[in-house]
Amino acid sequence: MSFELILPFLTPIAHFLKDDDVSEIMVNGTGRVFIERCGVIEAHDDIHLTNANLETSVKNIARVLGDEISAQKPLLDGRLPDGSRVAAVLPPCSIGGITLTIRKFQNKRWTLQELVRTGALPEVVRDRVATAIANHKNILIAGGTGTGKTTMLNALASLIPPSERLVVIEDTAEIQLTAPNLVRFEARKEQASDNPGDHVPAITIRDLLKASLRHRPDRIILGEIRSGEAFDLLQALNTGHSGSLSTIHANSAVQSVSRFSNCVLQSGIEIPHRAIQAQIADALDFLLYIERRHGRRYVAELAELRGYNPQTDTYDIVPVYERDFAVAKDTKTTDLLALAAANLPPLTGVRP
């Protein structure tokens with residue numbers, strides 16, 4: 001019970017929905033179809049969906065999901081029962097035609113051992129984060145869209161002792177955990193109605209974070225930090241709920257702290273800048289940054305956040321692992337061994 005609900009409306013791309021190697025299906029406003037298969041984007045110009053066909057399909061999909069999309073409400077963001085995401089935008093907000101994107105829910109749950117075996121997670125990083133989780137350190141996982149942040153969060157969460165009570169909070173349920181003492185909360189969108197009695201108010205991540213503290217969590221796992229909920233998470237982390245995990249969109253380990261700070265500012269709570277920075281330094285312990293290049297996803301950085309200096313307004317962030325340096329170092333070591341074997345002078349500029 002998932003894609004069967006919408007397959008009748010998407011016949012031209014139904015085979016992609018059934019293909020386990022396809023993780024995302026994208027239909028642009030021009031009608032061109034793209035898919036992501038095994039991490040690589042493919043164009044399929046042999047398939048073309050007309051705007052009329054797309055409009056009918058999207059409206060029917062919205063109806064199946066208990067939502068609506070129209071000129072008055074041109075955005076659709078829904079979830080199928082299996083966790084797959086369906087998003088659509090109508091003109092004029094989508095220039096040229098209707099845009100439709102389906103992100104398929106991945107049933108496979110990657111273990112830490114599999115991530116190490118595939119090269120996505122270096123052993124030195126695995127060992128360091130395993131120790132951090134055992135010591136109740138807070139870890140922020142950063143990266144761009146589709147880099148595997150949730151996959152990494154799932155794998156790291158498996159290291160949490162089964163004796164601990166976990167509260168998982170998500171905008172859309174994606175995290176797959178099998179902990180024995182597990183509580184799951186999911187946000188709810190507002191459902192407007194012409195009849196005031198049928199109006200359903202939104203339940204936000206901030207609402208759920210506040211509610212979670214009354215359910216005795218040992219650790220809080222927040223699916224993604226997007227806005228003002230960063231402030232509420234900050235309060236929770238600084239009041240005894242250490243050992244938590246969360247993800248955030250950012251382009252580096254260092255930038256993830258700035259992004260977190262900006263999200264705190266969106267809470268609407270008046271807090272001095274330096275007070276926010278100090279609280280973040282107290283709350284976050286490790287910053288794990290993931291990249292995707294040429295279809296491959298891997299840990300690019302692990303950094304430790306050790307403190308904040310209010311005089312200089314700077315964080316003390318210590319690199320633990322940097323992939324580019326590690327790869328360069330291995331390459332240069334190989335070069336040095338080859339040169340030595342050939343009795344040639346060593347290269348210059350090799351970083352120790």
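The values are calculated or read from the model by the stated rules, or taken from the named source; none is laboratory data. Because the structure is predicted, anything quoted here is derived from the model rather than measured. Quick reminder, even Gly has a Cβ in these numbers, built from the backbone with ideal geometry, and neighbours come from all protein chains shown.
Worth pointing out:
- Residue match in the range 50-60 (condition: touching a residue at least 40 places away in the same chain (Cβ under 8 Å), buried (at least 18 other Cβ atoms within 10 Å of the Cβ) and farther than 20 Å from Cys93 by Cβ): no
- Criterion: touching a Gly at 6+ places or on another chain (Cβ under 7 Å) and over 26 Å from Ala155 (Cβ atoms) - qualifying residue of Asn60, Asn51: Asn51
- Given (1) at pLDDT below 90; (2) among the polar types (S, T, N, Q); (3) loosely packed, with under 15 Cβ neighbours inside 10 Å, number of the condition Gln106 does not satisfy: (3)
- Breaking point among (1) without any contact (Cβ under 8 Å) to a residue 40 or more places away in the chain; (2) over 17 Å from Glu229 (Cα atoms), for Asn251: (1)
- Within the range 296-325, the set of residues being surrounded by 13 or more Cβ atoms within 10 Å (Cβ to Cβ) and not in a strand (DSSP E or B) comprises Pro310, Arg323.
- Among residues of the range 267-293, those that are part of a helix (DSSP H, G or I) and of a type in the set (D, E, K, R), counted: 2
- Helices (runs of 4 or more DSSP H) enclosed by the range 106-208 - at least 1 residues per element that are hydroxyl-bearing (Ser, Thr, Tyr), at negative phi and assigned by TED's automatic domain parsing to the domain that holds Gln266: 123-134, 149-157
- In the range 109-168, residue surrounded by the most Cβ atoms within 10 Å (Cβ to Cβ) [restricted to those that are of a type in the set (Ser, Thr, Tyr) and more than 21 Å from Val183 (Cα to Cα)]: Thr147
- Candidates are the residues of the range 260-295 that are basic (Lys, Arg) and surrounded by 13 or more Cβ atoms within 10 Å (Cβ to Cβ); the one that is modelled with the highest pLDDT is Arg274.
- The lone exception for Glu224 - which of (1) in contact (Cβ under 8 Å) with a residue 60 or more places away in the chain; (2) at positive phi it fails: (2)
- Yes/no for Ile95 being part of a loop (DSSP other than H, G, I, E, B), touching a strand residue (DSSP E or B) at 6+ places or on another chain (Cβ under 6 Å) and either surrounded by fewer than 16 Cβ atoms within 10 Å (Cβ to Cβ) or without any contact (Cβ under 8 Å) to a residue 40 or more places away in the chain (or both): no
- Cβ-Cβ contacts under 7 Å between residues 6 or more apart (or on different chains), taken from a first residue in the range 203-215 that is under 14 Å from Gly268 (Cβ atoms) to a second residue that is assigned to a helix (DSSP H, G or I), are listed as Arg206/Glu229; Arg206/Asp232.
- Looking only at residues of the range 230-247 that are in a helix (DSSP H, G or I) and either among the aromatic types (Phe, Trp, Tyr) or over 15 Å from the mean Cα position of the chain (by Cα) (or both), we find that the one that is surrounded by the most Cβ atoms within 10 Å (Cβ to Cβ) is Leu233.
- Criterion violated by Val86 - all others in (1) more than 22 Å from Thr172 (Cα to Cα); (2) outside any loop (DSSP other than H, G, I, E, B); (3) assigned by TED's automatic domain parsing to the domain that holds Leu10 satisfied: (1)
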